[in-house]
Amino acid sequence: QVQLVESGGGLVQPGGSLRLSCAASLPFFSLHTMGWYRQAPGKQREWVADITSGGTTNYAESVKGRFTISRDSAKKTVSLQMNSLIPEDSAVYYCNARRSTANVWGQGTQVTVSS
């Protein structure tokens, strides 16, 4: 069964950190580009970061320098380390896997940044 399961969301104060993880049940995991997206209430889902099969990372300007994406192909996981969080980072965060015509989404995990 192909699925992505996110974990690690929660409530954090501004300036704090969280680490999101995504466990993948996915054949040929290492060949997929893995990404994180987020969706705030009333807004469209937006891309946050991704990491290619070769390890190249890309970030949205809004999170560059604060977030770090990484992957562990042996464990079939992808993580998003989020530092210096601000209220505007509050959203449901979704893990994504894509390869060729395949595009798989997780169920999402809530991140709330508030004092």
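The values are calculated or read from the model by the stated rules, or taken from the named source; none is laboratory data. The model shown is predicted, which means the values in this text are computed figures rather than measured ones. Neighbour counts run over all protein chains shown; Cβ positions are idealised from the backbone, glycine included. Just so you know, the surface numbers come from the protein's heavy atoms only, side chains and all, with ligands and any DNA or RNA stripped out. Shrake-Rupley method; radii C 1.70, N 1.55, O 1.52, S 1.80 Å.
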Of all residues in the range 67-91, which are over 27 Å from Ser30 (Cβ atoms), of a type outside the set (Asp, Glu) and surrounded by 15 or more Cβ atoms within 10 Å (Cβ to Cβ)?
-> Leu85, Ser90, Ala91
Considering (1) open to solvent by less than 60 Å² (accessible area, probe 1.4 Å); (2) within 15 Å of Asn96 (Cα to Cα); (3) hydrophobic (A, V, I, L, M, F, W, C), say which one Ala40 fails and leave the rest.
-> (2)
Selected residue (criterion: nearest to the chain's Cα centre (by Cα)) from residues of the range 8-37 that are open to solvent by 60 Å² or more (accessible area, probe 1.4 Å) and modelled with pLDDT of 95 or more = Arg19
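What is the residue count in the range 96-111 for residues that are surrounded by 15 or more Cβ atoms within 10 Å (Cβ to Cβ), within 22 Å of Gly42 (Cβ to Cβ) and touching a Gly at 6+ places or on another chain (Cβ under 9 Å)?
Of the residues in the range 96-111, the ones surrounded by 15 or more Cβ atoms within 10 Å (Cβ to Cβ) are 96-97, 99, 104-106, 108-109, 111.
Next, from what is left, pick out any that are within 22 Å of Gly42 (Cβ to Cβ): 96, 105-106, 108-109, 111.
If we keep only those that are touching a Gly at 6+ places or on another chain (Cβ under 9 Å) too, we end up with 96, 108-109, 111.
Total satisfying the criteria: 4.
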